[in-house]
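The values are calculated or read from the model by the stated rules, or taken from the named source; none is laboratory data. Keep in mind it's a predicted model, so treat the numbers as computed, not measured. Note: ideal-geometry Cβ built from the backbone for every residue, glycine included; neighbour counts use all protein chains shown.
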Amino acid sequence: MKFRKSWLPAHILVWAYAVLLAVPLYYFLASAFKSNEAIFAHPLAPPTSFGFGNFRTAFESADLGMAILNSGIVTVFSLALTLGLAIPAAFALARARGRAGAAIERIFSLGFLIPTFAALFPTFLLSAATGLFHTRLFMVLFLPATAMPLSVVILIQFMRTIPPEMEEAARIDGASTFGVLRHIYTPMCMPGIATVLLLNFLTFWNEYLYSLIIIGPDPDLRTIQVALPTLKSQIGTDYGILTAGTILTLVPVWIMYTLLQKRMQQALVSGAVKM
Amino acid sequence: MRSMLNRRGFISAGAAVAAGVAVPGLSGCGMLGGDESDPDTLVVHSSLGGTAPGSATFRAVLDMFRKENPGLKVKTLINGDELGQVYETSRLAHKEADVVMVNLYDKTVSWTELGATVTVSGYLDDWDLRKRILPAALAEWTDEKGRLRALPYIASNWPVAFNRGLMRKAGVEDIPLTGDALIAAARKLRAKGTAPVTIGGNDWTGQKLLAQIIQSFLTADQAKKLYATGDFSGIKGAREGIEYFVELRDAGVFTDKAQGLTTDSMTTQFNTGAAAMQSAMSSALARVPDNVASQTDVGGWPLPPGAVHDKPTILRTFTVSGFWVSPNGTRKIETVEKFVRFMYRPEVVSRFVSEGGRDMAVRTDTLSDTFPLVAKAQQLGSSVSQVVLPDLYVPPSAVQPMIQATSTAFTPGVSSRRILSALQGAYRNA
């Protein structure tokens, strides 16, 4: 492709932005192989060795294996519950034509207005009252509740783009309401579902405050975000070990993003065309 | 290009992952906790985790305890800075750990008063521990109503570390004992491109050093009153102390940009030889690399003329960690007793000193061979004078504002009047 001069500023800006992103990423990765002294004295120098000592120490000291498993349990079950509730809810609301549907949709949108901290104390009381304090089960029930507004609002928009003729054709072929959802709406909304899945995965995996208070610090139950800060000490933190531990926690995020990014991009592009 | 994930693959992958995590989640580990009420399970909540100094020793001695008590399950809960908040919410739900190992600072100062933990005064003699614990430590952990809040365990010295190698290279032969000698040494070190005193002016290390310098002109009783009330303008010695601090700061005694540094940047500057002096907890001294430790001495903070102390000062505290007993713990007190008495055994205490590099609030003859600077700090004895650690006296709500005010103090050009105002301001809503 011929390079046009008029594109030069754009190229410069894009490459400058790429460097801006790459430098901290490099610093982050390089630090995982260094000691505190090397990190502070020569922050951008490459590591002198690529031993996995920091990773091993982080993994063992904070019991990250169990923590990753716990985060996996909480995240996967929460995602399943979120989708299980959000898809039918969005389906019903997208097809609703009455005032009640519009009102319920607005109520879902109001969910965005609840600040995280404001809900902490009532949520804690609820977990204590239900006997589910210090359990992962409560988080599996609670996280989907927090994710429902965004999930439903996103999915509604996708489902509204599906032509009613598709449903009519399915109905003529004898499809039930559930059949329409299962065979028409769900497959056609896969980019939207992938978007919801990815956004919620990032939120659930990275959730810290509620996991800390509700699940607590028991190594058998705690999530990765609660385990990771134990590598930090008020007396002095080994940043090489902390960075290595952080990288370990990012691996599942990276895998998930790699799997779902194409679907999410499709969702964004399809949205743009339909506008 | 074909998508990496088709619908069928997507559903299959999701099902596989769900199944993979569900099996161990629902069987082995269980979805419910509930060990707090199990009489055969001892739950210990500790800040000694991860890579904190002494945490490896803690894990090792817990394994010893488990082997000695095969019928007993010992569960350890680990938190760092957020331990106080986590314990308090657990207590509200009546699912708190049986024993808590944490310092006496900030939130924990009021735990006994609020009933979050029980007084252990009775257990001290019942468990025959009085003769094991240093009397000064018991005094620090006892509140104004005579209640022993927790059983003292880990202590700390807070001397000044002097890198004699760097000082000699700059032409400084002796450890400075006076403010003037410190200023002269700082000039020589700066001329050689070495930072004189490194300090985390943006966190608690700066707060402690500022408190230490202010106390150059305060007796212990005056200092306790000062930190309890925050009356920095009403107590004459406090004003003089702040002025002395400003004199040192403006003479270039502290490292550049100290107001933005933290304990980590401080220890790194010292450990890499970028700075010649630091005021550090003995647990930080345990981490000084051998090449620096071999040419480092420890001592006290130099005094100005007219100081109330006759020797350079250090901070010393017995409040780094103790065994707090919770209301849940009282329900299985025999188990708690077994664990606590085990932890006070001489051989267990020795391991914390020799392997963990910790100072103890417990009687022990063990000196740390592996950590020579920790041993040197332990041996300072009467060659230094001791000032009051503010932690026990500063109201919990003023702790964080005090640290913010400290950063102001370390900022070049800030007057003593403004520092005084910032410190008093920290107490305004306390």
Handout entry: Filter result for the condition that a residue is facing another protein chain (nearest Cβ under 8 Å), surrounded by 18 or more Cβ atoms within 10 Å (Cβ to Cβ) and either among the basic types (K, R) or part of a helix (DSSP H, G or I) (or both), over A:T230, A:T249, A:T237, A:T243
Key = A:T230
Problem - Conditions (1) surrounded by fewer than 23 Cβ atoms within 10 Å (Cβ to Cβ); (2) more than 15 Å from the chain's Cα centre (by Cα): number failed by A:L150 - result: (2)
Fill in the blank from the handout: Residue hits (segment B:124-143; in contact with a helix residue (DSSP H, G or I) (Cβ under 7 Å, 6 or more places away or on another chain) and crowded, with 20+ Cβ neighbours inside 10 Å) are B:E140
Practice task
Answer yes if at least one residue in segment A:184-203 is closer than 30 Å to B:Y87 by Cβ and away from chain B (no Cβ under 13 Å), and no otherwise.
Solution key: yes
Practice task
Kindly provide the set of residues from segment B:82-140 that are touching a His at 6+ places or on another chain (Cβ under 7 Å) and more than 14 Å from B:S321 (Cα to Cα), ordered by number.
Solution key: B:Y87, B:K95, B:A97
Handout entry: strands (runs of 3 or more DSSP E) completely within segment B:107-198 that count 1 or more residues being of a type in the set (D, E) and closer than 24 Å to B:L83 by Cβ
Key = none
Practice task
Spot the failing condition for B:D391; the list is (1) surrounded by fewer than 16 Cβ atoms within 10 Å (Cβ to Cβ); (2) part of a helix (DSSP H, G or I), and only one is missed.
Solution key: (1)
Handout entry: Within segment B:250-264, considering residues that are of a type outside the set (V, I, T) and surrounded by fewer than 24 Cβ atoms within 10 Å (Cβ to Cβ), the one nearest to the other protein chains (Cβ to nearest Cβ)
Key = B:D264
Handout entry: segment B:72-103, residues that are under 20 Å from the mean Cα position of the chain (by Cα), in a loop (DSSP other than H, G, I, E, B) and either closer than 22 Å to A:A128 by Cα or more than 14 Å from chain A (Cβ to nearest Cβ) (or both)
Key = B:N79, B:E82
Exercise for the section: Would you be able to say whether some residue in segment B:270-280 is free of Cβ contacts under 8 Å to residues at least 60 places away in the same chain, more than 14 Å from the chain's Cα centre (by Cα) and buried (at least 24 other Cβ atoms within 10 Å of the Cβ)? Expected result: yes
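Within the group B:T319, B:T335, which residue is touching a residue at least 12 places away in the same chain (Cβ under 8 Å) and in a helix (DSSP H, G or I)?
Exactly one of B:T319, B:T335 is touching a residue at least 12 places away in the same chain (Cβ under 8 Å) and in a helix (DSSP H, G or I), namely B:T335.
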Handout entry: Residue within segment B:360-378 that is more than 27 Å from B:Q207 (Cβ to Cβ), basic (K, R) and not in a helix (DSSP H, G or I) present
Key = yes
Completion exercise
Checking A:I162, A:I73 in turn, the sole residue that is surrounded by 22 or more Cβ atoms within 10 Å (Cβ to Cβ) and either within 18 Å of the chain's Cα centre (by Cα) or modelled with pLDDT under 95 (or both) turns out to be A:I73
Problem - Unique residue being over 30 Å from B:S265 (Cα atoms) and modelled with pLDDT of 90 or more when the list is A:L228, A:L181 - result: A:L181
Exercise for the section: Check segment B:393-400 and report whether any residue there is touching a His at 6+ places or on another chain (Cβ under 7 Å) and under 25 Å from B:S216 (Cα atoms). Expected result: no
Handout entry: Among (1) part of a helix (DSSP H, G or I); (2) modelled with pLDDT of 95 or more; (3) within 21 Å of the chain's Cα centre (by Cα), the one test that B:D264 misses
Key = (2)
Exercise for the section: Could you pull out every one of the helices (runs of 4 or more DSSP H) wholly within segment A:1-66 that has 2 or more residues that are closer than 25 Å to B:L48 by Cβ? Expected result: A:36-41, A:53-61
Completion exercise
Only unsatisfied item for A:L83, checking (1) touching a Ser or Thr at 6+ places or on another chain (Cβ under 9 Å); (2) within 14 Å of another protein chain (Cβ to nearest Cβ); (3) closer than 23 Å to A:L250 by Cβ, is (3)
Fill in the blank from the handout: Counting only helices (runs of 4 or more DSSP H) entirely within segment A:158-227, those with at least 2 residues that are over 30 Å from B:K95 (Cα atoms) are A:164-172, A:177-180, A:190-206
Exercise for the section: Evaluate the following for A:L181: is it more than 13 Å from chain B (Cβ to nearest Cβ), among the hydrophobic types (A, V, I, L, M, F, W, C) and under 29 Å from A:I73 (Cβ atoms)? Expected result: yes
Practice task
Identify, from the list A:D173, A:D218, the residue that is surrounded by 17 or more Cβ atoms within 10 Å (Cβ to Cβ) and among the charged types (D, E, K, R).
Solution key: A:D218
Exercise for the section: Mind telling me which of the residues B:P327, B:P302, B:P312, B:P346 ends up being surrounded by fewer than 18 Cβ atoms within 10 Å (Cβ to Cβ), in contact with a strand residue (DSSP E or B) (Cβ under 7 Å, 6 or more places away or on another chain) and either modelled with pLDDT of 95 or more or at positive phi (or both)? Expected result: B:P327
Handout entry: Number of the condition not met by B:A375 [criteria: (1) farther than 19 Å from B:P152 by Cα; (2) more than 21 Å from the chain's Cα centre (by Cα)]
Key = (2)
